[in-house]
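The values are calculated or read from the model by the stated rules, or taken from the named source; none is laboratory data. Only a predicted model underlies this, so the values are computations on that prediction, with no experimental measurement involved. Note that we place each Cβ from the backbone using ideal geometry, even for glycine, and neighbour counts take in every protein chain shown.
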Amino acid sequence: MIKPLRDYVVLEKLPEEKKVGSIFVATATDKDSACAKVVAVGPGTVDEKGNKVSVVAKVGELVIYKKYSTTDYEDHGHKFMLIQDKDIIAVVDSKK
């Protein structure tokens, strides 16, 4: 598994689901989607005053990120993206 450094976050794209009748069918990942699951977070950084700045994203959250701000990485057939915490713009509330 990837261990991100500083304020980097590892994301994994979720498969897109399409509904056929009353059945959900997983399809290939939608390249236009900017939503992914957080699988690892770095330890954070230190600001210019020496204060620790923690990463806001938490493992397991579903997030929306800025497009074109990721670095792609593949490990054992799994595709991941690395992104700085500041480029994550929202957390999706899946409870509703």
Does Thr29 satisfy being in contact with a Leu (Cβ under 8 Å, 6 or more places away or on another chain), surrounded by 12 or more Cβ atoms within 10 Å (Cβ to Cβ) and at pLDDT below 85?
-> yes
Ser69, sole failed condition from (1) out of contact with any helix residue (DSSP H, G or I) (no Cβ under 7 Å at 6 or more places or on another chain); (2) modelled with pLDDT under 95; (3) among the polar types (S, T, N, Q) = (1)
Output the residues belonging to the stretch 55-77 that are outside any loop (DSSP other than H, G, I, E, B) and either under 17 Å from Gly42 (Cβ atoms) or in contact (Cβ under 8 Å) with a residue 40 or more places away in the chain (or both).
-> Leu62, Val63, Tyr65, Thr71, Tyr73, Asp75
Note on the stretch 50-71: residues exposed (fewer than 10 other Cβ atoms within 10 Å of the Cβ) and over 11 Å from the mean Cα position of the chain (by Cα) are Gly50, Asn51, Lys52, Tyr68
Please specify each residue of the stretch 31-54 satisfying the condition of being assigned to a strand (DSSP E or B) and closer than 14 Å to Leu11 by Cα.
-> Cys35, Ala36, Lys37, Val38, Val39, Ala40, Val41
Residues satisfying the stated conditions in the stretch 72-96, i.e. loosely packed, with under 10 Cβ neighbours inside 10 Å and basic (Lys, Arg) | Lys95, Lys96
List pairs: first in the stretch 31-54 and farther than 22 Å from Ile2 by Cα, second surrounded by 12 or more Cβ atoms within 10 Å (Cβ to Cβ), Cβ under 6 Å, 6+ apart or cross-chain?
-> Asp47/Val53; Lys52/Gly44
